[in-house]
Amino acid sequence: MANQIFEYAAAPESRTVVDIAPSYGLFIDGDWVDGGTDSTRFDTVNPATEEVLSEVTAAGPADVERAISAARKAYDQVWSTLSGTDRGKYLFRIARIMQERAREFAVLETLDNGKPIKESRDFDVPTAAAHFFYYAGWADKLEYAGLGSTPHPRGVVGQIIPWNFPLLMLAWKIAPALAAGNTVVLKPAETTPLTALLFAEVCQQAELPPGVVNIVTGDGETGRLLVEHPDVNKIAFTGSTEVGKAIARSVAGSGKGLTLELGGKAANIVYDDAPIDEAIEGIVNGIFFNQGHVCCAGSRLLVQESIADDVVARLQRRIGTLRLGDPMDKNTDVGAINSAAQLARVTELTAAGEAEGATRWSAACALPERGYWFAPTIFTNVSQAHRIAQQEVFGPVLAVLTFRTPAEAVAKANNTPYGLSAGIWSDKGSRVLWTADRLRAGVVWANTFNKFDPTSPFGGYKESGYGREGGRHGLLPYLMSGAST
Amino acid sequence: MSLADTSQTRELAPSTARDVTGTSHLDDASLRRFLHGLPGVDEVGAKARAADLGTRSIKTTSKAWALDLAISMVDLTTLEGADTAGKVQALCAKAVRPDADDPSCPSAGAVCVYNDLVPIAVAALRGTGVKVAAVSTAFPSGRANLAVKLADTADAVAAGADEIDMVIDRGAFLSGRYLQVFEEITAVAAACRANGAKAHLKVILETGELVTYDNVRRASWLAMLAGADFIKTSTGKVPVAATLPVTLVMLEAVRDWRQQTGQIIGVKPAGGIRTAKDALKYLVTVSEVAGADWLSPDRFRFGASTLLNDLLMQRKKLSSGHYTGTDYVTLD
């Protein structure tokens, strides 16, 4: 038998499991309602094909008011009167229904976001359900959260989530909020509302009391209304540093609690004694997982100079086996960029990288005709002063820098306004521990990357934000110590 | 590059080894410096990569192609004390024509037997293209002196074996006597080419006894330095045989060896691969880690016995649309 290339035939996941309505209203007080007169409507699009998936509502001021009132009423009259055990039951129910409808959620997430079905199916949906299972267990154990024996919830919380992991970010926000006894008004990202709207169906299926969870779709303006509303006790935001700063300014002096999970420019440090093949996997996963749309992406490779050429060569060979294309194909590794706007940003920053004098290398893959696509790209000959070493690209673009000594690696890794995550690759345990001690990053991975768990607190230092999500620490922003006022 | 080409260069193994390791004199210390200087393998990361490769979805035309390729790569094996001429003949018939109803089904790659049954296999397989592989060097334990091991090999080669599957001395390896392991391999390789013979050499590392992936990497390189044509995971006679992560590490070794020397050395996982689904995961791993040049029976084999029937059942299902059962494939 002659040598041939092993071609993988198309292995598409079926779309028939999802039933997308032609249009959606808002989910307020346990029911679907049309937007008020000051609301508008906009399309949500499949970024892999540019087809319109549905028309959704951008909530106006009256809608946001309505949602917050519903949340307040539900808090005062129902949710705060329930025992922790009973709140936990609703959360367990939601978690179970999410798992039962896992395929539906995964397909919908891929259609709306553009990420490969392999990722939605194997990572996003199971991890989202896991967060609900985990925090369901906390609901009746709040006296062990570290805020004394009678901590109480903040009340009504406003939550704004990004488009990169729509369902997972929803789970990170809603699960601890509800477990702690708060009620929620959540605004999903403009380009990825659909799994949040399906989640609203799950709330109905779980017979969650009306008003405990409210989903108001919309854009930045809807978010601003939510942030500025006086009857919201706490805001949780995940998104860009720029918007995070605006929210912090807006909330200052209002008495509202605030947690921010913002951007990053994580360094993936590869020492000369790293397990090379596994380090290559970690680098690739660090920057190309989810098309690089990850706040904690390893977007800077800091490689020891003595092995830099070998590592870059191996990286290029490895990237050659990544499959870019239809996100609904089970063998796709790299999906679509989430929106035309994001693609423009990635393209602009990449062009800036070339203009600054860095050397660009892109994977030779055919990009589909329609949709928003960007080939995995590596920049070498990058220095700290380049824009592509400092600014978050939020796309499949890796900046490669070198270092000579461990101290230099640490200095370069920390030399950024961000501080969300970092990776360390070395076979020598003492070096890993020494480095981890000195990195100013909220999450440090050693000989691995992008590992998440509901029990593990996630969040950043410096301009990557403050507050943690996951674990006992993830509960704290949603609670206050002492008796209710 | 076919195997016939590599046998020429394999004769220069000691000088190639000195070149590759960058040393003027091969001894335990210099081999140790080289082997222990290879990058480590992170076990968690290697297992994760193997698991990830196992999620590839191989369907329709690519599945049909892969099943046929896998069948052509099977080294159909019987290595039992109770083996007889009758048993070996039945196995050979199966290897030549695995599916009595379907002549389009490829033959297996080889039949693998103990060396005293080689003449039976050679006679049964004459003219069919299916190779005869013999295990040798005091298989499976490798616990005998070099003279005995070489006699074992010479015997099989003289009887007409196309391929010799030798075992390394794991005791020597684990106690750091790398030169001894090296020299035993070069001696066996020489025996494979004595008197005009052109038997090619598979070196069994017995990865289940080496345990760590670092050892697997080092043993792979040592075998390649010493002139192996193929590196093979296991004898199938100890509890832990081939696994996907171990095979992954060995594929990385042959990939890097080719990068450095231009030579292509084959890989054979053996033992514990029972289902077609598993076999396809191995082929995906070969393709994505080493590359398309290894997707051929000259470069990759499965050491298996029950695997062939599962491949046949999957093949029948693809062509007919429904599953048959174990009554519809032969037990040999």
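The values are calculated or read from the model by the stated rules, or taken from the named source; none is laboratory data. Values in this document were obtained by computation on a predicted structure and should not be read as measured data. Cβ sites come from the backbone with ideal geometry, for glycine too, and all protein chains shown count toward neighbours.
Only residues that are part of a helix (DSSP H, G or I) and of a type in the set (Val, Ile, Thr) were counted across region A:373-401, and they come to 1. For the condition touching a Gly at 6+ places or on another chain (Cβ under 8 Å), crowded, with 20+ Cβ neighbours inside 10 Å and part of a helix (DSSP H, G or I), residue B:256 does not qualify.
Annotation note: Cβ proximity below 6 Å between a residue of region A:25-45 that is closer than 16 Å to residue A:195 by Cβ and a residue that is assigned to a strand (DSSP E or B) (sequence gap 6+ or interchain) occurs for A:26/A:33; A:26/A:57; A:27/A:215; A:44/A:53; A:44/A:54; A:44/A:56; A:45/A:52. Restricting the search to strands (runs of 3 or more DSSP E) fully inside region A:1-60 and requiring at least 2 residues that are surrounded by fewer than 18 Cβ atoms within 10 Å (Cβ to Cβ) and within 14 Å of chain B (Cβ to nearest Cβ) gives an empty result. Among the residues of region B:55-86, the ones that are in a helix (DSSP H, G or I), more than 14 Å from chain A (Cβ to nearest Cβ) and without any contact (Cβ under 8 Å) to a residue 12 or more places away in the chain come to 1 in all. Any residue that is within 14 Å of chain B (Cβ to nearest Cβ) and more than 16 Å from residue A:399 (Cα to Cα) - is there at least one of those in region A:299-306? The answer is yes, given that some residue of region A:299-306 is within 14 Å of chain B (Cβ to nearest Cβ) and more than 16 Å from residue A:399 (Cα to Cα). Is it the case that some residue within region A:338-356 is basic (Lys, Arg) and assigned to a loop (DSSP other than H, G, I, E, B)? No, region A:338-356 has no match at all. May I ask you to list the residues in region A:424-451 that are of a type outside the set (Val, Ile, Thr), crowded, with 17+ Cβ neighbours inside 10 Å and under 22 Å from residue A:168 (Cα atoms)? Listed by number, the residues that qualify are A:441, A:442, A:445, A:449, A:450.
Of all residues assigned to region A:472-482, none qualifies as being more than 29 Å from residue A:183 (Cβ to Cβ), over 17 Å from the mean Cα position of the chain (by Cα) and surrounded by fewer than 19 Cβ atoms within 10 Å (Cβ to Cβ). As a summary of the residue check, residue B:123 satisfies the conditions (1) free of Cβ contacts under 8 Å to residues at least 24 places away in the same chain; (2) closer than 22 Å to residue B:226 by Cβ except for the one numbered (2). The single residue among B:199, B:194, B:190 that is among the small types (Gly, Ala, Ser), modelled with pLDDT under 95 and within 27 Å of residue B:155 (Cα to Cα) turns out to be B:194. Out of all the residues in region B:155-190, which are of a type in the set (A, V, I, L, M, F, W, C), within 20 Å of residue B:79 (Cβ to Cβ) and crowded, with 19+ Cβ neighbours inside 10 Å? The answer is B:156, B:157, B:161, B:164, B:166, B:167, B:168, B:188.
Residue A:413 passes every criterion in (1) under 27 Å from residue A:458 (Cβ atoms); (2) more than 23 Å from the chain's Cα centre (by Cα); (3) part of a helix (DSSP H, G or I) apart from (2). Across region A:355-407, the qualifying residues are those that are more than 29 Å from residue A:242 (Cβ to Cβ) and among the aromatic types (Phe, Trp, Tyr), and the one among them that is farthest from the chain's Cα centre (by Cα) is A:403. For region B:264-271, the count of residues that are in contact with a strand residue (DSSP E or B) (Cβ under 6 Å, 6 or more places away or on another chain), within 14 Å of another protein chain (Cβ to nearest Cβ), farther than 18 Å from residue B:165 by Cβ and at pLDDT 95 or above is zero. Going by the conditions given, is residue A:106 at pLDDT 95 or above, more than 27 Å from the chain's Cα centre (by Cα), assigned to a helix (DSSP H, G or I) and among the hydrophobic types (A, V, I, L, M, F, W, C)? For residue A:106, the condition - at pLDDT 95 or above, more than 27 Å from the chain's Cα centre (by Cα), assigned to a helix (DSSP H, G or I) and among the hydrophobic types (A, V, I, L, M, F, W, C) - is not met. Residues of region B:272-313 that are closer than 21 Å to residue B:56 by Cα, more than 14 Å from every other protein chain (Cβ to nearest Cβ) and of a type in the set (S, T, N, Q): B:275 alone.
Within region A:133-188, the set of residues being of a type in the set (Ser, Thr, Tyr) and crowded, with 24+ Cβ neighbours inside 10 Å comprises A:135, A:183. Counting the residues of region A:320-344 that are touching a residue at least 24 places away in the same chain (Cβ under 8 Å) and within 12 Å of another protein chain (Cβ to nearest Cβ) gives 9. Residues in region B:21-41 include at least one that is within 22 Å of the chain's Cα centre (by Cα), away from every other protein chain (no Cβ under 14 Å) and either surrounded by fewer than 20 Cβ atoms within 10 Å (Cβ to Cβ) or modelled with pLDDT of 95 or more (or both). Of the residues in region A:200-217, not one is within 16 Å of residue A:474 (Cα to Cα) and either crowded, with 24+ Cβ neighbours inside 10 Å or in contact with a Phe, Trp or Tyr (Cβ under 6 Å, 6 or more places away or on another chain) (or both). When you scan region B:93-111, do you find a residue that is among the basic types (Lys, Arg), away from chain A (no Cβ under 11 Å), over 30 Å from residue A:121 (Cβ atoms) and touching a residue at least 24 places away in the same chain (Cβ under 8 Å), even just one? Checked against the condition, which is being among the basic types (Lys, Arg), away from chain A (no Cβ under 11 Å), over 30 Å from residue A:121 (Cβ atoms) and touching a residue at least 24 places away in the same chain (Cβ under 8 Å), region B:93-111 yields at least one hit. Here region A:319-347 is the region considered, the condition is being of a type in the set (Ser, Thr, Tyr) and over 14 Å from residue A:366 (Cα atoms), and the residue that is surrounded by the fewest Cβ atoms within 10 Å (Cβ to Cβ) is A:347. Of all the listed residues (B:288, B:252), the sole one being closer than 19 Å to residue B:214 by Cβ and among the acidic types (Asp, Glu) is B:252. Within region A:366-403, being surrounded by fewer than 20 Cβ atoms within 10 Å (Cβ to Cβ), closer than 23 Å to residue A:262 by Cβ and of a type outside the set (D, E, K, R) holds for A:384, A:385, A:386, A:390, A:391. Of the residues in region A:407-423, none is touching a Cys at 6+ places or on another chain (Cβ under 8 Å) and either among the β-branched types (Val, Ile, Thr) or under 24 Å from residue A:332 (Cβ atoms) (or both). Of all residues in region B:87-125 being of a type in the set (S, T, N, Q) and assigned to a helix (DSSP H, G or I), which is surrounded by the fewest Cβ atoms within 10 Å (Cβ to Cβ)? Once the filter is applied, the top-ranked residue is B:89.
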